[in-house]
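The values are calculated or read from the model by the stated rules, or taken from the named source; none is laboratory data. Computed from a predicted structure; not experimentally measured. Counting neighbours? That spans all protein chains shown, and the Cβs are built from the backbone with ideal geometry, glycine included. In case anyone asks, the SASA skips ligands and DNA or RNA and just uses the protein heavy atoms, side chains included. Shrake-Rupley method; radii C 1.70, N 1.55, O 1.52, S 1.80 Å.
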Amino acid sequence: MPPAAYALFAWQAGWVFTLRSLQLATDPVQAASTLTAMVAEKQKAFADGAIAAGAAMMQGARPDLVAAAALRPAQRRVAANMRALKNPG
């Protein structure tokens, strides 16, 4: 994965965190359920990434490809969150 992809992922993750934090502050009634959903999606992305990295290692992939496989689920989730935050409703 090119370095620019890592930079984009970090930038998107920061924006998602910021926008979600603002949403939580403006709607405290929904905060508990929103936080629960956010934790669950992160756990799933982490588990999916660990499985993908393990599969890539078992196939003898290069370390950079193993790392890319590990990050791919989180990158997809962050990109989906960015789209949802840009286009609410």
Restricting attention to the stretch 34-49, the residues that are open to solvent by 80 Å² or more (accessible area, probe 1.4 Å), hydrophobic (A, V, I, L, M, F, W, C) and closer than 16 Å to Ala79 by Cα number exactly 1
Show the residue pairs meeting these rules: Cβ distance below 8 Å; 6+ apart or different chains; first residue within the stretch 57-75 and of a type in the set (Asp, Glu); second residue not in a helix (DSSP H, G or I).
Asp64/Met1
Could you grab me the full set of residues in the stretch 10-56 that are in contact (Cβ under 8 Å) with a residue 24 or more places away in the chain, over 21 Å from Pro88 (Cα atoms) and out of contact with any Lys or Arg (no Cβ under 9 Å at 6 or more places or on another chain)?
Phe46
When you go through (1) surrounded by 13 or more Cβ atoms within 10 Å (Cβ to Cβ); (2) within 15 Å of the chain's Cα centre (by Cα); (3) not acidic (Asp, Glu) one by one for Ala31, which number turns out not to apply?
(2)
Can you pull out the residues in the stretch 76-89 that are free of Cβ contacts under 8 Å to residues at least 40 places away in the same chain and in a helix (DSSP H, G or I)?
Arg76, Arg77, Ala80, Arg83, Ala84, Lys86
Being of a type in the set (D, E, K, R), at pLDDT 95 or above and closer than 25 Å to Asn87 by Cβ, is that true of even one residue in the stretch 50-73?
yes
Filter the stretch 53-73 for residues that are of a type in the set (Gly, Ala, Ser), within 18 Å of Phe9 (Cα to Cα) and open to solvent by 30 Å² or more (accessible area, probe 1.4 Å) and give the result.
Ala67, Ala70
